[in-house]
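Accompanying notes for the structure given below.
Every number here is computed from the coordinates shown, using simple stated rules; none is lab data. Bear in mind that the values here come from a model prediction, so they are computed numbers and not experimental data. We place every Cβ from the backbone using ideal geometry, glycine too, and count neighbours over all the protein chains shown.
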Amino acid sequence: MVDLKDLIREVPDFPKPGILFYDITTLLKDPVGLHWAVDSLANHYIGRVIDRVVGIEARGFIFAPMVAYRLNAGFVPVRKPKKLPAETARVEYSLEYGKDALEIHRDAIGEGNQVLIIDDLLATGGTAAAVAQLVESLGGKVAGMGFLIELEFLKGRDKISQYDLHSILKY
């Protein structure tokens, strides 16, 4: 067994003083660690019907396609505004200091599609909640949410507790 925490570099005071940043690039370059991380995300959902795996920009794009492959599902990117070329649905959501927005192609999720949302990090839960809102606005059903890392002290799980949540590493 691989201890994935040993493969994640902790960078103090990044991107600003007082923040401890969990750098996953050190895990990504390790073939065994990367394999374990993807398998750990996918295995929780094997045996369930998953039609689409949504990856949240940007680091969710790393894991979501690999999980989609493992689950024999399609991959759908959720991006910052004005990055997708076709007609999009958009959601705005609040951040600690302001607002942000995300978009998805309108034709990416069909009525009743079972959708798994994947990202590298669960912090406050605001981004994941916004993506769930996007999926549901297109008629999809959120089958679950998977995260490589969960920062438990930020209590993001509370904001999205109505969904099946799976996180691999907890800090």
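Numerical summary
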{"quantity": "Criterion (out of contact with any strand residue (DSSP E or B) (no Cβ under 7 Å at 6 or more places or on another chain), without any contact (Cβ under 8 Å) to a residue 60 or more places away in the chain and closer than 20 Å to Val91 by Cα) met by exactly one of Gln162, Gln133", "calculated": "Gln162"}
{"quantity": "Which listed residue is assigned to a strand (DSSP E or B), exposed (fewer than 12 other Cβ atoms within 10 Å of the Cβ) and not basic (Lys, Arg), from Glu92, Glu111, Glu103", "calculated": "Glu92"}
{"quantity": "So Phe14, is it over 12 Å from Leu148 (Cβ atoms) and either in contact with a Pro (Cβ under 7 Å, 6 or more places away or on another chain) or among the polar types (S, T, N, Q) (or both)", "calculated": "no"}
{"quantity": "From the options Ile62, Ile19, residue that is surrounded by 18 or more Cβ atoms within 10 Å (Cβ to Cβ) and either more than 22 Å from Lys141 (Cβ to Cβ) or over 18 Å from the mean Cα position of the chain (by Cα) (or both)", "calculated": "Ile62"}
{"quantity": "Subset of the stretch 109-137 (residues that are aliphatic (A, V, I, L, M) and farther than 18 Å from Phe63 by Cβ)", "calculated": "Ile109, Ala129, Ala130, Leu134"}
